Amino acid sequence: MNDATPVIAAKNVWKLFGPQPEKYLAGMEPGRSFEDIRADGYIAGVKDVSISLTRGEMLVIMGLSGSGKSTLVRCFSRLHDITGGTVEVEGQNIMALTERELIDLRRSKMGMVFQSFGLLPHRTVLENVAFPLEMRGQDRHTRRERALEMIRLVGLDGREEYFPRELSGGQQQRVGIARSLAIEPDIWFLDEPFSALDPLIRREMQDEFLRLQGMLGKSIAFITHDFDEALRLADRIAIMRNGAVEQCDTPDKIVLNPATEYVFKFTEDIDKARVVRARGLMQPLNGASPEGAPVDGMATIQALARDLVNDPREVIPVAGQDGAVAGQMKRQAALDILLGTR
Amino acid sequence: MAVASTDYAVQKTVELSLRNRVLWAMLGTALLLMLCRALGILPEWLIRLPEWAIPPSDIWLDAAFSFVQNDLGLIHVTRFVAEGPLEFLLDATANLLYGKRRWPDLGPIPWTAIAAAAAVIGYYLGGWRMSLLAGGTFVWTALIGQWEIAMQTMSVLTVAAPIAFLTGLGLGILAWKYAWFDKAIKPVLSVLQTLPFFTYLLPAVIFFKVGPTAGAVATIVYAIPPMILMTTLGLKKVSTEVVEAGHMSGCTRWQMLTRVYIPTARTEILVGVNQVIMLCLAMVVLTAFIGMPGLGAKLLAMMGSFKLGRSFEIGVTIVLLAIMLDRLSKAWVVKQPEHFERGTPWWQRHIFLLFTIGAFAVFVALAQVIQVFSEIGRTQHFSRGKEIDGIIKAALDIDMVQATTEWLRWFLNVNVLIPFRNSMLWVPTPAFILLVVAFAYWLGGRRPALYATVFFTIVAFSGWWDRSVITLYTVISAVIMATLIGIPLGIFAARSEKWSRRILLACDTAQTFPSFIYLIPAIMLFGVNDVAVVFSILIFSMVPLTRYTIEGLRTVPPEMTEAADMSGASRRQKLLSVQLPLALPTMAVGFNQAIMFAFFMVIIAAFIGTQDLGQELQRTLAGTELGKNFVLGMNVSLMALTFDLTILSWAEKRKKALGLA
Ligand SMILES: Nc1ncnc2c1ncn2[C@@H]1O[C@H](COP(=O)(O)OP(=O)(O)O)[C@@H](O)[C@H]1O
Ligand SMILES: [Mg+2]
């Protein structure tokens, strides 16, 4: 296993709900659609999904409710046993693990945050955060220290002794986050962590989350059904529908080159200038050397708007992450994004 | 589509007319049989089953029991369990609570210490009022001179309730974990819940010797079913996210169960605890029938010798104990943990525990010095049994009261009860069964009718037909009268928020009383006779009727009453054409409970002298005719089950039809 091994690699994963899913899947002719499968009395929670999560990446999984997002992520941690395909976590086939090994894996590598928090109502904040450590058998003193540190990290100091019902929704989710981080997981699953919160608090929690991620740099699978949230956070976005992944790509590519009709509809109403970055429009130089100062490849078109409008150049150089010119972009293409085609 | 719907309609009418034809056939045959009887042309064997046709089932059962007991050696196993650990525990609590000479030979604990500790616990759970209730109950018990008998009852309760709790919890966990086990015990549980209490006394008497051990066993078994149900309910309700959080935290199966599931299902489990305690209390009092000493036995003795004053005082003690146990355990259910600020010292976190121990210790110490703090002597108590006797008797002797009760008794007996009873006894057996089956078919449909046929045929072949009919007559007349009073009361109360609350509270409280209590006013008013029996059943079964009437009416969706208001319905029209029809399914559940309660009570009331199955049961419970006892018990259960199945099936169908389910 090296650094290039994906943290999670899912290949042709199926998860069917119904009376005898394995048997059904084995005897199923290929190419049956979601509706066909439903007519046979099964629900395809996850339908032939191949996707991977690379180290340090934030993969956002999107889709309407019921599209199979939660189910997919639960297949990654084997909260659901998959019906077909393979899931490998750091090169290990997760379905081949014994119960003991699975428990050890979760105790050492995985953390998860839930939509409605999933806190234990009879435990204080401190005891909730320390819970995974307690399960691991850590001694009382170290787990207390670690839990206090986590509580401080999410900004809940002074509330250690409160019970979940004595906290607001946002505070409860902070507890959920602190708990999921207590064991220092490498892989972090977040299932719509902010959708139960008010918009204002949601925004605040997203910032908080970005701050944490900036510090910790974990490999993350993040579920949301909110496109703005996805755009703010994602390295890559996977769009799901009826259990299948329609497209998995960087936000730019999803917006610029929707792979299917569905993704196109899904992204239609988005302000593309806010999403597309200069590097998304970048073309290879092919020997040309466009004049003038390059623009930052990571800057969104919206951020470049003023310069673009005044820039006399037809072709503008684009800088890569090292600051050197890595390609060029047509000004017209950028203006099309900014103002809409035509 | 149109074709399909007419098809459906046609099918419906066909079904209806078939149903009507079956009904009329049954009723017609029954009437024909009765007519023949009236004309005197019905052969004897159609009026009652001839002696030779009745199998000696009691003798067979006796043989079967003795086979299981002696030849299979089961009795050794049960005796070992009972006389080993169980008896040991019972002896220990008996020593602590009332000083029976057994290990650990420390008791009796001074009454003041128990009362003080109870008061602190009451305060912790529910503030001053609970404190007063808890402490006050024990103080009353001691001062009235009933400490020892109350503690006899409590000593069994303190053993039986925890055992029932743990067993129920364990079985509940199994049922939740293993679907096959759940499927296996579901039907058993639902039958167990319709069984009258003495059915639990029976096996206890069969396998254990009469006395506290048998009583404890019966009590434990009686209290287990609801604990199982509440446990599975609670565990199933734990939200998937909490469960998943547990898995993701790396819980093993055992950690999952003990750290996640059980604590999260706390509320339901504690509701189960409340039910366990209340059922245990109800049963412990009733085990007086199989020779268990305590409040129940004393009450039986006092009522038997018509000492109304003392009966009344014991009744008050029982009621106080019941209310206290109920309220405290319910307060525990709703009690949520409160947080302490960081750095709160240890003693402050456990302040109530320390106070409880402190109060207990102080009074134990005081009791060493001051005699009355330890025990209230025979001559020191404040019982006013004789005086109350006098007052009650004087009150009853007041001409008007006496005239009223006398007249009621006379009127009910001569004009209602006796004619009703005689006419029921007059009906030939096959006609009677047909009528019951027709009723079940009309109300419940095919399945209940089938059960009714089987069940009542068994009763007919059991050899106790007449007594069974008398039992049924008592139940029916009491429930009819309870309906006439209870439902109007419910309707009245449902009209206002305030009265609903009051009456519901009264019903709730009354339901926590052990059934024995209901005999006291009946005997006081009417003496020892049929009317008193009917009267005690009447009050007992009125409680669920009133309760469910209020609940049914109060839960009618407001859109519907508002719609009625907007259509200009008068209050009466609204009640008759909107509220009552919608409330009827719920009320039927109450009616069903009333009938069940009546079947329970009939046995208990038998003690005041009736000629029905109950009395026969009473006689055999004390003795050794177990086979006969079993047959009698079965008869009551079968009749109760028939009504249970029929009415619940109707309520179910009705709810579906109204879209309320
Ligand atoms: N335990 C289950 N049993 C049966 N069907 C399920 C189960 N869990 C999820 N499903 C079904 O799988 C589909 C995907 O659900 P889910 O992954 O929760 O969607 P999302 O998280 O995208 O809203 C839904 O149609 C849902 O009804
Ligand atoms: Mg979801």
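The values are calculated or read from the model by the stated rules, or taken from the named source; none is laboratory data. Values in this document were obtained by computation on a predicted structure and should not be read as measured data. Cβ coordinates were reconstructed from backbone atoms using ideal geometry, including for glycine residues, and neighbour counts include every protein chain displayed.
A few points about this structure:
- Those helices (runs of 4 or more DSSP H) of region B:169-266 in which at least 3 residues are buried (at least 21 other Cβ atoms within 10 Å of the Cβ) and within 11 Å of chain A (Cβ to nearest Cβ), considering only elements entirely within it, cover B:240-248.
- If you go through region A:184-241 and pick out every residue that is among the charged types (D, E, K, R), more than 16 Å from ligand 1 (Cβ to nearest atom) and within 14 Å of chain B (Cβ to nearest Cβ), you end up with 2.
- Note on region A:295-319: among residues that are surrounded by fewer than 13 Cβ atoms within 10 Å (Cβ to Cβ) and closer than 13 Å to A:Ala333 by Cα, the one that is nearest to the chain's Cα centre (by Cα) is A:Val309.
- Every residue from region A:96-112 that is more than 16 Å from ligand 1 (Cβ to nearest atom), touching a helix residue (DSSP H, G or I) at 6+ places or on another chain (Cβ under 7 Å) and touching a residue at least 40 places away in the same chain (Cβ under 8 Å): A:Arg107, A:Met110, A:Gly111
For every residue, the table says whether it meets (1) among the aliphatic types (A, V, I, L, M); (2) touching a Lys or Arg at 6+ places or on another chain (Cβ under 6 Å); (3) surrounded by 14 or more Cβ atoms within 10 Å (Cβ to Cβ).
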position	(1), (2), (3)
B:Pro56	no, no, no
B:Leu61	yes, no, yes
B:Phe65	no, no, yes
B:Ile75	yes, no, yes
B:Arg79	no, no, yes
B:Asp91	no, yes, yes
B:Arg102	no, no, yes
B:Pro110	no, no, yes
B:Ala113	yes, no, yes
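- Taking the listed residues B:Ser423, B:Ser462, B:Ser515, B:Ser500, the one that is within 30 Å of B:Leu31 (Cβ to Cβ) and in contact (Cβ under 8 Å) with a residue 12 or more places away in the chain is B:Ser462, with no other qualifying.
- Some residue of region A:167-176 being charged (D, E, K, R) and either surrounded by fewer than 22 Cβ atoms within 10 Å (Cβ to Cβ) or at the interface with another protein chain (Cβ under 9 Å from one of its Cβ atoms) (or both): no
- Residue in region B:338-354 that is in contact (Cβ under 8 Å) with a residue 40 or more places away in the chain and crowded, with 18+ Cβ neighbours inside 10 Å present: no
- Qualifying residue in region A:198-209 (condition: touching a strand residue (DSSP E or B) at 6+ places or on another chain (Cβ under 7 Å) and surrounded by fewer than 20 Cβ atoms within 10 Å (Cβ to Cβ)): no
- For first residues located in region A:113-130 and more than 18 Å from A:Phe209 (Cβ to Cβ), partners that are of a type in the set (Asp, Glu) and assigned to a loop (DSSP other than H, G, I, E, B) and lie 6+ apart or on another chain with Cβ distances below 8 Å form the pairs A:Thr124/A:Glu160; A:Thr124/A:Glu161; A:Val125/A:Glu160; A:Val125/A:Glu161; A:Leu126/A:Glu160; A:Leu126/A:Glu161.
- A:Ile223 meets each of the listed conditions (1) more than 16 Å from ligand 2 (Cβ to nearest atom); (2) within 18 Å of A:Cys248 (Cβ to Cβ); (3) in contact with an Asp or Glu (Cβ under 7 Å, 6 or more places away or on another chain) apart from (1).
- In this structure, B:Thr141 does not qualify as buried (at least 20 other Cβ atoms within 10 Å of the Cβ) and over 21 Å from B:Val284 (Cβ atoms).
- Any strands (runs of 3 or more DSSP E) falling wholly within region A:12-121 and containing at least 3 residues that are within 16 Å of ligand 2 (Cβ to nearest atom) and either more than 14 Å from chain B (Cβ to nearest Cβ) or of a type in the set (S, T, N, Q) (or both): A:43-53, A:58-62
- Subset of region A:258-294 [touching a Gly at 6+ places or on another chain (Cβ under 8 Å) and exposed (fewer than 15 other Cβ atoms within 10 Å of the Cβ)]: A:Gln283, A:Pro284
- The listed residues are A:Leu72, A:Leu64, A:Leu59, and the only one of them that is modelled with pLDDT under 95, aliphatic (A, V, I, L, M) and at negative phi turns out to be A:Leu64.
- Residue within region A:45-60 that is outside the structural domain of A:Arg106 (by TED's automatic domain parsing), more than 29 Å from B:Arg253 (Cβ to Cβ) and over 18 Å from the mean Cα position of the chain (by Cα) present: yes
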